[in-house]
Structure formats: structure tokens, C-alpha cells
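For reference, the structure discussed in these notes is given below.
The values are calculated or read from the model by the stated rules, or taken from the named source; none is laboratory data. The model shown is predicted, which means the values in this text are computed figures rather than measured ones. Here the Cβ is made from the backbone with ideal geometry for all residues, glycine too, and neighbour counts use every protein chain on show. Only protein heavy atoms, including side chains, enter the accessible area calculation; ligands, DNA and RNA are left aside. Shrake-Rupley method; radii C 1.70, N 1.55, O 1.52, S 1.80 Å.
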Amino acid sequence: MDAKHSTNAKGMPLAATKYQPYPQIDLSDRQWPGKRIEKAPIWCSVDLRDGNQALVDPMGHDRKARMFQLLLDMGFKEIEIGFPSASQTDFDFARWCVENGNVGEDVSLQVLVQCRPELITRTFEALEGAHRPIVHFYNSTSELQRRVVFGKDVAGIKQIAVDAAKMITDMAAKAGGGYRFEYSPESFTGTELDVALEVCNAVIAEVKPTPDNKLIINLPSTVEMSMPNIYADQIEWMCRNLDNRENLLISVHPHNDRGTGIASAEMGLLAGADRVEGTLFGNGERTGNVDIVTMALNMFTQGVDPELDCSEIERIKDVYEYSNQMTIPERHPYVGELVYTAFSGSHQDAINKGMKAIRVANKPVWEVPYLPIDPQDVGRTYEAIIRINSQSGKGGIAYIMQSDYGINLPRGLQVAFRELIQKITDEEGRELPSKRIYDVFMEHYVDQPDGRIKFVDHHTYPQGAEKGVRVVTAEITDNGEKKRIDAKGNGPVDGFINALSAYLGIKLTVEEYSEHSLHHGSDAKAIAYVEVKYDGGRMFGAGINTNIVAASLEAIVSAANQILAERA
């Protein structure tokens, strides 16, 4: 529909014309689309600063300390621990990290500060004694904020950044050195590229970075304003034009206002960025920051070592939820409760076959339909891969029976059992847990508490001189009354079904038969499956016994009871 004629639910016109499209970047020879991510970036967690400031109830010391330890355990080498000049709480935590945080010499603590002299002084007090800390200073450079918030021209905004750079480098030198520096033109995505370049180059000239102490130029998508390809163009343009590029680390800090923060960060790396700032699972202002866990595992699934340990995804989730007092949605990539779960019948069938193929092939390459990552690689199990509801199919049910109970249903029985489970899920309108599915199978095919016939025992012996023919004598109960039946056949199964056919007056024949063991050891049980043909069609039965012949005869009785119930 034409936008000028669109209306909302109240019939009022939609004013799409009040918004302006983001301008394209003049970069006709862009190189990033043809590149691949082949190594991990430098990761910087901003959970304790950017993430914390976005919480309804900011973290206290215990919650911060637990998050900090997790970040160290995951392998972060740069951690932004707060905004120490903003509050006593942040200042005290920064001091605790320096004095009691057990931080290795390969880890840099980072703090944020605005380009204001009194705040810079307080920041250096917070970092006293830290090993190679990063002083991250920033000021907003966007056209909108220059005009609306600060009332300054480009020269005025640039001077703020340069004055702060001079003060910070002077204070670091007086403190004996050992400091690292990061500058962010805040609201970079709302800043004209030539202005962002002018301000950054002025800061670079003041800081004078070296190969041994590179300056981090952080180019944040403070508000995500465009498609990620445009952000990539901006990053590539800046990488081409910044002075002293060899002594810079280009960092990206995408937010997620358009829902493409991860894509922006990934494309930013293709465009030349060296570093990514973000948070676990994307906590942050408004719709959040870039989700570092998801981005790292995206790399992992492409054969790239993300250099972060995400193998204990449940612990990471638990600490995130405790420290942030937020809940991760069930569909969140890699960590959500349902992300490794299939309810759809076709998906379940493909997963079931894929898991079987993996076991048979015994190859190191992970190839299972609908599962881009092996759940065990992130500390999850296979228990909840397939769950059964009214949308489920035979493959899913078969997978649960095999993986949870070691019961390998033949295909025909999968179809028949699926119809039985489908009827229950349709009637109840909810998911059936694994134990319930197993109980239904046992009741319907094996135990049959309402079955008319019960198998008790059998004996076989040769039929005179007739070669290959044996007489089968069996004891059964019929509605609780003991009966003896016998007949000839070429083996126990053939003789028994002939005897049962004669007794019931129904012609029964075994069309398909299979069996396998359920457990290992001297008391191992076997399960037998039969497909029995009769004048009304086919019926499946199953039997479980320590004796494989007895299990086979029980399976025949199982099928016969269903035939009798159908006729009744």
C-alpha cells in the first residue's frame, strides 16, 4: 500500500514521511563483501559498564564480582569495569578489581570517562596500581547532538576531544606510563564521515600511538541507524583514511536498535575492524549491545576459534541472569531453552536420521540437519533435541525411544505408534514428555493390561522323521484361564503362530520380524518386533524378555490382542 494512504488501527494516517532514509556511502570499490572472518577479533566486554547502566536495578558488588569472574574465566583480555568518575559505587568496584580481582597481566581493565578534566582526574585515581589499563574517553560528534545538545560547531567538538587526549596522555606520563588509550566519537553513525575522520585524526596526532602502544579508535553504532552493509562501508572508509593506521586498533561497538547488531559487527570485521565491544547475550541500552556470545559461536560454527570459552553455556546463562536479573528468552540463539529442540515431524525425522548417520560415519565433522552446532560443544545434552506434541512425526518419536530407552522401532511400527501418540496429543493439546511416551508404548505393545491373551511358556520338539519340522506346545491364558495350544512349524515362531491362528480361528502370518538387545550383561533383555498379517490388514506387536524366542512369541501375542480388540 502507498505509505501516504496507510493508516494505523485507529484510522489515523501513518507519517512515514517524517523519517529520512540513511545516506549511502560513496565507496564503489568496497572490498569487505569478498572477505571472510578467519580469526577472532580482540573482544572487550562492556557488561559491567554499558550493560550495567541499562539495568532497571544496577548491579551491587556481589553481582558485579560474579560477572567479573565469569568474564575472566571465559578468556576476555579486555574488560570495561565501569565509569568510576560517575559514582562512588563504580569507583569502589574499580578499586576492588585492581586490588582484589586477581587479574592476570594479560588482561587490561578498561574504564570509561567523558572528556571533562575533573572526571579524568577521578578516573586516574580509580586506576592507580592497575597493569596496562585502558582509559576510554569519548565525546559525541553527531550533527544532531552538535546542533541540539551542545550548540557547538565541528571545531568546538574537536577541541573537546583534543584537550581530553592531551590531559590524559600527560597524566599517564606523570603516573609513570603503562596506560593504554581508547577514543570514541560517540554517535559515530550519526556523524558525517569527514567530521568523524577530522576529529579522530586530531586525537591520533595528540596521542601519538606507537607499535608498542596502539591507540584504539572505537567507532560505535551508538544508535543503529542503517542496514549493516552501510556500517561496514563506514568502517572500511575510516580504515582507509585514518592517519597512522598501522598503530591503531579499530574497534566496533554496535547497538541493536534495528535488530542487526551482530550482522553490523561481523561486517565491521570484514571491513577492517580489529576489535569488538559488546556484552553477553546483548544486554545494553534500549534493544541492547552486540551479543558477544552469539557472535563468538557464529564463528565457532564456521570453523574459526573465537578464543572465548563458551563451553559452559548454562553457567554463562546462570551468571547473566543472576547478575543482570534478566531472563534469557527461550528462542535466544545457542542458549535459549528451545533452540536445540524440534517439534515439527519433518525436522525430527531429519535430525533422527542425521544423528544415526553421525554415529555410523564416526567422522569429526558435525553434519546434522537443523542443528548448526553440536549441543554438547556448549555443555548442553541431547536429551531435549526432540520433544513431542501434535506437530511431531514418527522420526521424533523414534529418536526419543532410541536415545532415552534403547528401543529401535522398525519403520512400520514407527508409523503405527506415531498415530497412537498423535491421537493423545490431539486430545490433550500439549507436549508429551519422554516418560509418558515410553509408558504408552509399554502399555499398548508390551504389558497390555487389558489384553485378552497372555503368553506363559512354550516347548518345542522334533516332529518324528519329518526334517526341519518341529511341534510347538505353548501355554497361554485367555481372559485369565490357562490354555494349551500346539501346532507344527519350521521353528518356534512359525509353530506358535500356527497354533494361535487355530485357537483363535483367525489366519495370522508373520510378515516382518526384528529384534535387538536392550542391555548388556548376564541379565540382558531383548526386544522383538513383529508385523502380523491377518484378513483385516496388518498389526504390529512387541515383546520383551531375557529369552529372545519368548520375546518373539510375546510380540505375536501383542499383535493378536490388538487384532482381537479391533474386532471386538
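Tabulated data for the structure shown
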quantity: Per-residue SASA entry for Thr169, accessible area with 1.4 Å probe, Å² rounded to 10; calculated: 30
quantity: Contact order relative to length of the chain, as percent, for alpha carbon pairs under 8 angstrom and 6 or more apart; calculated: 9
quantity: Charge tally in the Cβ shell below 13 Å around Gly176, where Lys, Arg are +1 and Asp, Glu are -1, Gly176 excluded; calculated: 0
quantity: Accessible-area composition of the chain, carbon plus sulfur, in percent [1.4 Å probe]; calculated: 49
quantity: Per-pair calculated FRET efficiency, R0 = 51 Å: Glu427 and His459 via Cβ, rounded to 0.05; calculated: 0.70
quantity: Global form of region 453-567, assessed from the alpha-carbon gyration tensor, a/c cut-off 1.5; calculated: rounded
quantity: Proximal charge balance of Ala86 [Cβ under 14 Å; K/R count +1, D/E count -1]; calculated: -3
quantity: Helix runs (DSSP H) in the chain reaching 27 Å along axis by Cα, Kyte-Doolittle at least 0.5; calculated: 154-174, 548-567
quantity: Dipole in debye (nearest 20) - region 218-287, about Cα centre, beta carbon charges: Lys, Arg +1; Asp, Glu -1; calculated: 60
quantity: Surface accessible to a 1.4 Å probe, per residue, for the residues of the chain, Å²; calculated: 47
quantity: Helix-only [θ]222 nm of the chain, DSSP H runs n ≥ 4, -39500 (n - 2.57) each, per residue, nearest 500; calculated: -11500 deg cm²/dmol
quantity: Residue-count net charge about Glu337 - beta-carbon cut-off 9 Å; Lys, Arg +1, Asp, Glu -1; calculated: 0
quantity: Percent RCO, i.e. relative contact order, over region 234-391, from Cα pairs under 8 Å lying at least 6 residues apart; calculated: 16
quantity: Identified option (computed percent of Cα pairs over 43 Å apart; candidates (1) 29; (2) 37; (3) 43); calculated: (3)
quantity: Relative contact order (%) - criterion: Cα under 8 Å, at least six apart; region: region 453-567; calculated: 18
quantity: With eigenvalues of the C-alpha gyration tensor scaled by 5 and rooted, region 39-324, Å; calculated: 26, 23, 18
quantity: Exceeding the 31 Å Cα-Cα cut-off - candidates Lys35/Lys353; Lys423/Lys507; Lys39/Lys394; Lys35/Lys64; Lys18/Lys152; calculated: Lys35/Lys353; Lys39/Lys394; Lys35/Lys64
